[in-house]
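The values are calculated or read from the model by the stated rules, or taken from the named source; none is laboratory data. Model, not experiment: these values are computed from the prediction. Here Cβ is always computed from backbone atoms with ideal geometry, including for glycine, and neighbour counts include all displayed protein chains.
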Amino acid sequence: MKKYTNTGSKDTRSGFGAGLTELGLKNPNVVALCADLIGSLKMDDFKKNHPDRFFQVGIAEANMIGIAAGLTIGGKIPFTGTFANFSTGRVYDQIRQSVAYSDKNVKICASHAGLTLGEDGATHQILEDIGLMKMLPGMTVINTCDYNQTKAATLAIADHHGPVYLRFGRPVVPNFMPADEAFVIGKAVHLQEGTDVTIVATGHLVWEALLAAEALEAEGISADVLNIHTIKPLDEEAILQSVAKTGCIVTAEEHNFLGGLGESVSRVLALNNPRPQEFVAVNDSFGESGTPEQLMEKYGLNAASIVAKAKKVIARK
């Protein structure tokens, strides 16, 4: 298998901005809406190049979702942009009624998700958004791991008909997915072959999973690593194939362990092939103010925690 290495750190929100810029040139039906956070969402280039297709809604997120739903009726493909907390929690009713229930072709693009929002603190660090979105019928839920994958996902969701929640972040993180790798919604990326333990990770925890696999290998433990960029629809086949080989699994996510990737994996295992599972996730709590690095360390969202949970789950086989 190919070796994934850090080719230079970038923020995932810039991957979204680059993808949106490219879509502006490729697809005249793509329009963008923002709730007063153009710079934070990296939507500047789209606004500059396509002012007639950009709508600054202001701090009125519910209106933004309603406008986006309306634009789809005329054949437009709206991409909405704001922080993940405001993209989901603040406007859940509008998303449920005007987008999901109505099966509108709206792309809800959310930056600054999870603990890595950092110093803005618990009020902004939404850790339940994946759960909120995946429970909506017909909603596709994507959580990308680096700049390249976020750009590729942004391009891919424009061609997918139906509501999408695209989650990404603020901090600079390792960029390791190939720039030319096509993004296939619902298809996991097999990063590393292994036989002793399966590690499935999403978002910022994917790179940490690779670091954990390297540390485990130094101790003679072979890890099978999957990048689960699409939470819904979940690549159940890839997960079951891996667990059939290893006999146990660790799930890793920057999200509450309730309602996230880990619970989706648990359902797949319970219905098909029950095996020991351990969770690397936030333990049913809010976040707090701090640097992304401090918070990921305090809440156990890092390679060291994945290594510890891998050893624990192996012992349960």
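Across segment 111-126, what is the number of residues that are outside any helix (DSSP H, G or I) and surrounded by fewer than 24 Cβ atoms within 10 Å (Cβ to Cβ)?
4
For segment 11-34, state whether one or more residues are among the hydroxyl-bearing types (Ser, Thr, Tyr) and within 30 Å of Gly194 (Cα to Cα).
Yes, that holds for at least one residue.
Give the number of residues within segment 67-91 that are farther than 18 Å from Leu37 by Cβ and touching a Ser or Thr at 6+ places or on another chain (Cβ under 6 Å).
Residues that pass the stated criteria total 1.
Just give me the residues in segment 144-184 being of a type in the set (D, E, K, R) and either within 17 Å of His112 (Cα to Cα) or within 13 Å of the chain's Cα centre (by Cα) (or both), in sequence order.
Matches in segment 144-184: Asp146, Lys151, Arg167, Arg170.
Which one of Ile108, Ile77 is on the phi < 0 side of the Ramachandran plot, in contact (Cβ under 8 Å) with a residue 60 or more places away in the chain, assigned by TED's automatic domain parsing to the domain that holds Met139 and crowded, with 17+ Cβ neighbours inside 10 Å?
When all the criteria are applied, what remains is Ile77.
Which of the residues that make up segment 144-191 are touching a residue at least 40 places away in the same chain (Cβ under 8 Å), in a loop (DSSP other than H, G, I, E, B) and out of contact with any helix residue (DSSP H, G or I) (no Cβ under 8 Å at 6 or more places or on another chain)?
Of everything in segment 144-191, those that are touching a residue at least 40 places away in the same chain (Cβ under 8 Å), in a loop (DSSP other than H, G, I, E, B) and out of contact with any helix residue (DSSP H, G or I) (no Cβ under 8 Å at 6 or more places or on another chain) turn out to be His161, Gly162, Gly186.
Search segment 51-66 for residues being of a type outside the set (Phe, Trp, Tyr) and touching a strand residue (DSSP E or B) at 6+ places or on another chain (Cβ under 8 Å), and hand back the single one that is surrounded by the most Cβ atoms within 10 Å (Cβ to Cβ).
Ile65
Name the residue that is surrounded by the fewest Cβ atoms within 10 Å (Cβ to Cβ), counting only residues in segment 9-27 that are under 20 Å from Phe55 (Cβ atoms) and of a type in the set (A, V, I, L, M, F, W, C).
Leu25
Could you count how many residues in segment 204-225 are buried (at least 24 other Cβ atoms within 10 Å of the Cβ) and in contact with a Ser or Thr (Cβ under 7 Å, 6 or more places away or on another chain)?
Adding up the residues that qualify gives 1.
Here are some conditions: (1) in a helix (DSSP H, G or I); (2) farther than 20 Å from Gly300 by Cβ. Ala212 meets all but one. Which one does it not meet?
Condition not satisfied by Ala212: (2).
Would you mention how many residues in segment 116-129 are of a type in the set (A, V, I, L, M) and either without any contact (Cβ under 8 Å) to a residue 24 or more places away in the chain or farther than 14 Å from Asn143 by Cα (or both)?
Final tally of qualifying residues: 2.
Among Leu295, Leu301, Leu271, which is the only one that is assigned by TED's automatic domain parsing to the domain that holds Thr202, outside any strand (DSSP E or B) and surrounded by fewer than 22 Cβ atoms within 10 Å (Cβ to Cβ)?
Matching residue, one of Leu295, Leu301, Leu271: Leu271.
Is there a residue being in a helix (DSSP H, G or I) and within 17 Å of the chain's Cα centre (by Cα) anywhere in segment 253-261?
Yes, that holds for at least one residue.
Mind listing whichever residues of segment 117-154 are in contact with a His (Cβ under 6 Å, 6 or more places away or on another chain) and over 27 Å from Lys76 (Cβ atoms)?
Scanning segment 117-154 gives Leu117, Leu127.
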